[in-house]
1. How high is the relative contact order of the chain, given as a whole-number percent (alpha carbon pairs under 8 Å, six or more residues apart)?
2. Which of Pro98, Pro332, Pro381 moves most in a GNM of the chain, Cα contacts under 10 Å?
3. Given the options Gln160, Gln390, Gln146, state which has the largest fluctuation in a GNM of the chain using a 10 Å cut-off (strictly under) for Cα springs.
4. How many percent of all Cα-Cα pairs in the chain sit more than 29 Å apart?
5. Probe radius 1.4 Å, ligands and nucleic acids left out: which of Leu41, Leu131 has the largest accessible area, and how do the rest follow?
6. Relative contact order for the stretch 36-130: what percent, with Cα pairs under 8 Å and sequence separation of 6 or more?
7. Measuring from the lowest to the highest alpha carbon on each principal axis, how far does the stretch 26-104 reach, largest first, in angstroms?
8. Using the Cβ atoms and a cut-off under 14 Å, what net charge is assigned to the surroundings of Gly125, where Lys and Arg are +1 and Asp and Glu are -1?
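The values are calculated or read from the model by the stated rules, or taken from the named source; none is laboratory data. None of these values were measured; they are calculated from a predicted model. Note that each Cβ is placed from the backbone with ideal geometry, even for glycine, and that neighbours are counted across all protein chains shown. Ligands, DNA and RNA are stripped out before the accessible areas are found, and what is left, the full protein with its side chains, is counted by its heavy atoms. Shrake-Rupley method; radii C 1.70, N 1.55, O 1.52, S 1.80 Å.
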Amino acid sequence: MNTTNAINTINPTDQKNGVPMKALITGITGQDGSYLAEFLLSKGYEVHGLIRRASTFNTGRIDHIYTDPHIAGTKLFLHYGDLSDSGQLINLIYNIQPDEVYHVGAQSHVKVSFDMPEYTGDITGIGTTRLLEAIRRSGIKTKFYQASSSELFGASPPPQSETTYFYPRSPYAAAKIYAYWMVTNYREGYNMFACNGILFNHESPRRGETFVTRKITRAIANILAGHQKKLYLGNLNAKRDWGFAPEYVEMMWLMLQQEKPDDYVVGTGESHSIREFVENAFNYAGIEIEWVDSGISEKGVVKSFDSESTQHSTLNTQHSIKTGTVLIEIDPRYFRPTEVDFLLADITKARKQLGWQPRITFSELVKIMVDYDLKLVGLTPPGDGIKICQAKNFCYTEHAFATNERIRDAG
């Protein structure tokens, strides 16, 4: 049975005699959390999300699915809390009584973890322990998903599987390794249904703007709209196994539907460099890039520009995209103190046990992200990526961001 068939045939409400399942999601306002919320709502779940209190709204990824909790039939509820506050975590677990807990909240930016190692350790590492301990102390029977990361493997040679040794190359990765082993210990020590999903890089139109893939596609849109002149990047030769975030959250759910808890590597089984991502993304938008010079002096310049490839409905006519224009430069500030050179997932176990087969290819992922970023700045995209999304059964999401944020009280 492949992934799509498994997802479509498992009915979670059957497990509770027609009563909707309850899920708690940490990090619900992030890329993975927002897609996961949409997916679970489409499966009939009652979804509860943990959000941090802030003076400005940070709920743009879920505003389009939020409804006032006073309205009858509401299925999405938000609760203030923080992974640093064990008391509130215990209260939420005890009061919500979730059937499933999806822990996808963290300080997840690798470069930032070098600047804030202590905070990263506290939230990404110890935060997981606080959540596990809240479940244990509450005494409820729930299933727990931990968002592990391919960064655990670091300098270990590819391909990387569930049995590959860990070799972390950042404070973020070290914190994730601590969390990984705490999940394992709670599973074995307290008979807890707890899974580690070792997910390789997964991207989407909702990826944070400072992550390299979204930084690239957003820059392309801004350059074409006349809002930006250059894109500054770090290591162009780092290779990653990039997949599509919405299908990775489906795998999170599928792990918790198994009879026994286990750990799984999820990726595509292909690896591409940041340089390749840049070239593919710019090409799709009609800009052919060639590279000149080397090292920190390397630059990406326009080799050719097809202005007809996108219909620039609001294009700033003052933009200066022409042959020889420098659009990409290297900024040493974006180099990591310790680099991860090559990540490539060995997905044999997930394929055999979960029926995992990625539906979105690397080139399709690039097209999807470029299309939605062009739309975001008011340009008409080529549209191939949007059509791919619609054709490959991601019917529970349109990758929407709310255009107007609404004032609300947390559920």
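1. The value is 18 percent.
2. Pro332
3. Top of the fluctuation ranking is Gln390.
4. The share of Cα pairs beyond 29 Å in the chain comes to 45 percent.
5. The residues order as Leu41, Leu131, largest area first.
6. Across the stretch 36-130, relative contact order equals 25 percent.
7. Projected onto its principal axes, the Cα set of the stretch 26-104 covers 30, 30, 25 Å.
8. Neighbourhood net charge equals -2.
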